[in-house]
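As structure tokens, the structure follows; a few thoughts come after it.
The values are calculated or read from the model by the stated rules, or taken from the named source; none is laboratory data. In this text, all values refer to a predicted model and were calculated from it rather than measured experimentally. Methodologically, a virtual Cβ is constructed for each residue, glycine included, from the backbone with ideal geometry; neighbour enumeration extends over all protein chains shown.
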Amino acid sequence: MPRGLGVLIQGRTALDTAADPRSGSRSAESRAAAQVAAPEGFRAEIVPLADIATVFAALERLAHRAGEANVFFEPTVLEAAMAEVRRTKGLFLVLVWDDAGGDETDGDERVLAGAMPIELARHRWGPWLSATQVWNHRMGVRGTPLILPGRGTAFWMHALDAIAAAGFPRILLMHTMKADGEAMRGLEAATQRSDRHFSVVNHTPYISLNTDLDGEAYLKASLSARRYRRSEKARESLGKTGVLERKLYTTESEVLPAFCQFLELEAAGWKGREGTAILRKPDALRFFLKVIATFARRGDVQVDTLELDGRPVAMSVAVTSGKTAFCWKTAYEESLSKYTPGYLTVMDVTRRIVDDPSIIGADSCTEAGHSMMESLWSEKSDAADILIDTRPASTGIAIAIAERLEKGRRRLRGTAKKVYHALRGRLAALR
């Protein structure tokens, strides 16, 4: 290990000692909550995530207006995820305020221009080498910060200044951030202006939906003529076994009972057998029930259902954040798999989303390579894991070392997973 590595990336910072009750220094919360002055009418602060209620309304407005929607950073979702975490002491919320406000103030003197949750990742690269990272909770898929349109550069400059000034570990790791949009362009501009360095350590393409076509035209363009005819024939054949109806539930009184039906349908399938269904995981059940109930009151949940003789045989649960739909969950009755009811339902979901003028795009919440979604949605977006040196006017040495450590960590974890699954397969074969 190179001499001075711990100093370069602040492996053990003042924040580490502050968390120790034996230390006489200020606590992490009191240090991180200190406001950081920022020029050009912006001001940044870092507050404990446990205090999210104090900025809930502002954060909710930001989520609905963000240039790139991210339902996983909505305050309702963060609260529900935080409730399932044993310790919240190391979780914080970076907030950047635009004191000028503009048209988005709703009468207030300032507007929340950007926000992202972060956490202290202790010992990420060894006993003395910690990092700061965006908090991607267990239910989260996307790590893109919430930023108002046109505020990307200002957000990153002041957010990074705040993290550095608060004494967090120097290197910030962003997980699964949208890498082909406004947030990335803002990061590039901000790091160039402040002479900071960043490095993309991993790309993860994911399936998305963005088109100017109508729903039917989009499906015909995405699917081969043979695949389209085969799907419609499957729908016709399924309809001959009973009364087949497509239903959409969107009101609060409809959504909650429909979601409970979805939970039962999912648990009856392979996810239930493998123990990964929501009903089999108490923490996931609590999380989804809280989020779905809250979003349903806002009218931001859509449950698409294919029903045969009054019973659901396939269901899809989607939520809307801002003008983007996020397709969270799909389940189907496996005894009818020859009719591909799950596929037919996602076709219906696609038509509905594309034909909805209030929605400008959709995130499948699945990575590229998912056979069903990839055959239906032809667009892809790019998510990236990014290392950022929060210290301005840096030489690039720290980010180069962090990149090497992070890639080595990932290789080691990948090897360990392969060994684990190989051993698990052999043990299963012996039973």
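Here are a few things to note about the model shown:
- Listed by position, the strands (runs of 3 or more DSSP E) enclosed by region 42-145 that each have at least 3 residues that are within 30 Å of R404 (Cβ to Cβ) are 91-98, 111-121, 131-134.
- Close Cβ contacts (under 6 Å, 6 or more residues apart or on different chains) running from residues in region 102-120 that are over 19 Å from G140 (Cα atoms) to residues that are at pLDDT 95 or above and surrounded by fewer than 16 Cβ atoms within 10 Å (Cβ to Cβ) are absent.
- Just one of the listed residues (T241, T191) is closer than 30 Å to L160 by Cβ, of a type outside the set (D, E, K, R) and in contact with a strand residue (DSSP E or B) (Cβ under 8 Å, 6 or more places away or on another chain), and it is T191.
- Test for R151: is it touching a strand residue (DSSP E or B) at 6+ places or on another chain (Cβ under 7 Å), over 22 Å from E60 (Cα atoms) and charged (D, E, K, R): no
- Members of region 317-337 found to be over 18 Å from the mean Cα position of the chain (by Cα) and surrounded by fewer than 24 Cβ atoms within 10 Å (Cβ to Cβ), listed by number: E333, E334, S335, L336, S337
- Entirely in region 189-272, the helices (runs of 4 or more DSSP H) that have 2 or more residues that are within 25 Å of L285 (Cβ to Cβ) and under 28 Å from the mean Cα position of the chain (by Cα): 252-267
- Residues satisfying the stated conditions in region 348-371, i.e. touching a helix residue (DSSP H, G or I) at 6+ places or on another chain (Cβ under 6 Å) and aliphatic (A, V, I, L, M): V354, I359, A362
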